[in-house]
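Participant: Here it is, the structure, as structure tokens.
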Amino acid sequence: MRAGFACFVGRPNAGKSTLMNSIVGQKIAITSSKPQTTRHVIRGVLHREDSQLVLVDTPGLHRPRTLLGERLNDLVRQTWSEVDVIGLCIPADEEVGRGDRFITGELAELKATVLAVVTKADLVDKKRLAEQLVAVSQLADFAEVVPVSAVSGYQVETLVDVMTKYLPESPQLYPDDMLTDEPEQVMVAELVREAALEGVRDELPHSIAVVVEEMLREGGLTKIYADVYVERTSQKAIVIGARGSRLKEVGTRARARSRRCWARGSTSTCTSGSRKTGSAIRNSCASSASDALVRFVTRTFPSGRVYRLMFRVGP
Ligand SMILES: Nc1nc2c(ncn2[C@@H]2O[C@H](COP(=O)(O)OP(=O)(O)OP(=O)(O)O)[C@@H](O)[C@H]2O)c(=O)[nH]1
């Protein structure tokens, strides 16, 4: 029996979270086309008869421009020092760059086994993939270099085999039925944040935060109250959209994703807005709501920057 921790590292947008989801087989880390989507360290557990691979997702390492950026980088480095295997992700469709060399240099100091993972293999032809494998191999003395595509599934199993090979001999670390150690509330908040990030401008990912305040069981349903925070008043309009349309979409998407995540079905969704724009949103929701199940939460918000979203998930 082998069991241990592994993580994927690499520059932002390299495909780390998508790969982790593909390996664990369930949506655990959120993904988006925006760089620096990941803010939490999330564990996904892959159970096999003779092994347990615990995957830790990290934010993309980047040149920090803010204190939050510095803290995210600290989180990455801390994770590196605690795992058994590290997969350095480098996309097949982008040149090996200074960022990759910088990360490789840092990894050389660690005790973990370092593999290179050439991600997004589906985006290039065989010749380009071969060239990228050579370029990546020249970066450092990696234990292995593995090309994969999380989207097509190409070599994902092989990557798991290779990673498992480098885990220490150990009894299993988590119970059989455990896929992640993230609390349910954090996972739902991440799903809402993912929905809120869709279609927003590049600068926004770090400016949106979501806190699930309450999850109330009502018979077979779970009523979820989530607060969406933005950093600046100017970002409010982006998150809310014309006549509340974006916020409503966020609620709908988050509900659908939560439903898929728990595979139980759902009944209703609702969004409501800030103190300033709340009534406009409620009106727009009401006027566009052909779905009779849409309900609204009326509430006075202490700050103009918080938007409350309510949706219900259930069988
Ligand atoms: N075609 C293709 N696209 C991929 C693949 N893996 C990831 N992507 C896309 O690449 C983008 C970034 O993927 P993420 O998994 O969020 O990247 P990340 O490295 O976790 O990003 P950060 O959270 O910024 O660190 C998304 O649009 C994914 O859909 C792949 O194997 N093939």
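Participant: Among the residues that make up the stretch 145-158, is at least one of them touching a residue at least 24 places away in the same chain (Cβ under 8 Å), away from the ligand (no atom under 11 Å from the Cβ) and of a type in the set (G, A, S)? Show your work before the answer.
Facilitator: Narrowing the stretch 145-158 to residues touching a residue at least 24 places away in the same chain (Cβ under 8 Å): 145-156.
Now narrow it down to the ones that are away from the ligand (no atom under 11 Å from the Cβ): 145-146.
The next check asks that each one be of a type in the set (G, A, S); those that pass are none.
The answer is no; no qualifying residue exists.
Participant: I'd like to verify a number: residues in the stretch 80-117 that are among the charged types (D, E, K, R) and either within 10 Å of C7 (Cα to Cα) or assigned to a strand (DSSP E or B) (or both), how many? Don't jump to the end; show me each part of the working.
Facilitator: So the first thing to find is which residues in the stretch 80-117 are among the charged types (D, E, K, R), and the list is 82, 84, 93-95, 98, 100-101, 106, 109, 111.
Cutting the leftovers down to either within 10 Å of C7 (Cα to Cα) or assigned to a strand (DSSP E or B) (or both) gives us 82, 84.
The qualifying residues number 2.
Quick grid of which residues meet (1) at pLDDT 80 or above; (2) of a type outside the set (G, A, S); (3) within 11 Å of the ligand (Cβ to nearest atom):
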{"position": "D57", "(1), (2), (3)": "no, yes, yes"}
{"position": "L61", "(1), (2), (3)": "no, yes, yes"}
{"position": "N73", "(1), (2), (3)": "no, yes, no"}
{"position": "V83", "(1), (2), (3)": "yes, yes, no"}
{"position": "L88", "(1), (2), (3)": "yes, yes, no"}
{"position": "E94", "(1), (2), (3)": "yes, yes, yes"}
{"position": "G97", "(1), (2), (3)": "yes, no, no"}
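Participant: Moving on. Of the residues K120, K111, which single one is open to solvent by 40 Å² or more (accessible area, probe 1.4 Å) and either of a type in the set (D, E) or more than 16 Å from the ligand (Cβ to nearest atom) (or both)? Break it down into steps so the answer makes sense when it comes.
Facilitator: Working: K120 fails: either of a type in the set (D, E) or more than 16 Å from the ligand (Cβ to nearest atom) (or both).
Just one listed residue meets the conditions, K111.
Participant: Which members of the stretch 85-108 meet the condition of being closer than 28 Å to K127 by Cβ and either open to solvent by 50 Å² or more (accessible area, probe 1.4 Å) or outside the structural domain of V145 (by TED's automatic domain parsing) (or both)?
Facilitator: Within the stretch 85-108, D93, E94, E95, R98, R101, F102 qualify.
Participant: So which residues in the stretch 1-22 are of a type outside the set (D, E, K, R), within 12 Å of the ligand (Cβ to nearest atom) and at pLDDT 85 or above?
Facilitator: Within the stretch 1-22, the first condition is being of a type outside the set (D, E, K, R), and the residues that meet it are 1, 3-10, 12-15, 17-22.
Next, only the ones that are within 12 Å of the ligand (Cβ to nearest atom) stay: 7-10, 12-15, 17-22.
Answer for the stretch 1-22, where residues must be of a type outside the set (D, E, K, R), within 12 Å of the ligand (Cβ to nearest atom) and at pLDDT 85 or above: C7, F8, V9, G10, N13, A14, G15, T18, L19, S22.
The values are calculated or read from the model by the stated rules, or taken from the named source; none is laboratory data. These figures come from a predicted structure and were not determined experimentally. Note that each Cβ is placed from the backbone with ideal geometry, even for glycine, and that neighbours are counted across all protein chains shown. To get the accessible areas, we keep the full protein, side chains included, count just its heavy atoms, and leave off ligands, DNA and RNA. Shrake-Rupley method; radii C 1.70, N 1.55, O 1.52, S 1.80 Å.
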